[in-house]
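One structure below.
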Amino acid sequence: MGIDFGYTSKRSTEIRVGYEVGFLSTKLRLGTPELPSVDGRVGMAHIRWLTDHTDGPVVPRNGYSVEANFRWFDISPGTIDAFPSLDARVSYFHPVTDKASLFFVGEGGSTLGFNNTGLPQYFLGGPFRLSAYGQNELRGNQYCLFRAGYRHDLLTLPPFVGKKVYVVGSWEFAKMYGAVNTSRFPNNFTAGLFAETALGPLFVGESVGDTGHQKWFFFLGRVF
């Protein structure tokens, strides 16, 4: 549970400040332990700044957005120390024809040199966060991720089914600092179909990456 106080400037920019409190309990039921078991309260203050100048909330063709989040964990299970985290994401969209556009996304996060955090604070692996990798395969306290791609209008759906279907192709590469047993250059290519359906945005495709990573997957939710 938490509470925020915020301010919105016109339609594009927002800043909010708040505090969240919760309880986290993790226990291994099956498999090899890769994360410590923890049990306790989580409490953090946070500041979020967002500016969105894109021309669409689901499938932008033009514009940019920037989001930054700062958190201060005063208590977290697995550690007795308070620590910060800072992450940011920048997206840029540029049309090249009436039906096609390019997109570029960069993001990163860090605990700013504080390594005694109990559990890793950032995870990579899964849809559009190194799509060919396993869910949360890479873990650590500092990371960067970049994605560049192409989107092209394919067809228009009947109104009762949705809006449009697009062909999407992208290349991702990332770095999780301090992660063990990973390649020097985690990356993958992803291609598939993306549809604005009545149930929400749906992507179906395949991703092929380095060191034998490969996956067919579907994803219901925001892609861009």
Selection over region 49-87 where residues are hydrophobic (A, V, I, L, M, F, W, C), crowded, with 18+ Cβ neighbours inside 10 Å and not in a strand (DSSP E or B) yields a count of 1
How many residues does region 15-48 contain that are in contact with a strand residue (DSSP E or B) (Cβ under 7 Å, 6 or more places away or on another chain) and either assigned to a loop (DSSP other than H, G, I, E, B) or surrounded by 11 or more Cβ atoms within 10 Å (Cβ to Cβ) (or both)?
19
Cβ-Cβ under 6 Å pairs, at least 6 apart or on other chains, region 107-129 side assigned to a strand (DSSP E or B), far side of a type in the set (Asp, Glu) and at pLDDT 95 or above:
GLY109/ASP87
Among the residues of region 1-58, write down those that are among the acidic types (Asp, Glu) and more than 29 Å from GLN135 (Cα to Cα).
ASP4, GLU14, ASP55
Scan region 151-183 residue by residue and report those that are assigned to a strand (DSSP E or B) and free of Cβ contacts under 8 Å to residues at least 12 places away in the same chain.
LEU155, THR156
Select, from ASP98, ASP87, the only residue that is modelled with pLDDT under 95 and of a type in the set (Asp, Glu).
ASP98
Can you work out which of the residues in region 168-180 that are of a type in the set (A, V, I, L, M, F, W, C) and surrounded by fewer than 16 Cβ atoms within 10 Å (Cβ to Cβ) is nearest to ASN115 (Cα to Cα)?
VAL180
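The values are calculated or read from the model by the stated rules, or taken from the named source; none is laboratory data. All values derive from a computational prediction rather than experimental measurement. Here the Cβ is made from the backbone with ideal geometry for all residues, glycine too, and neighbour counts use every protein chain on show.
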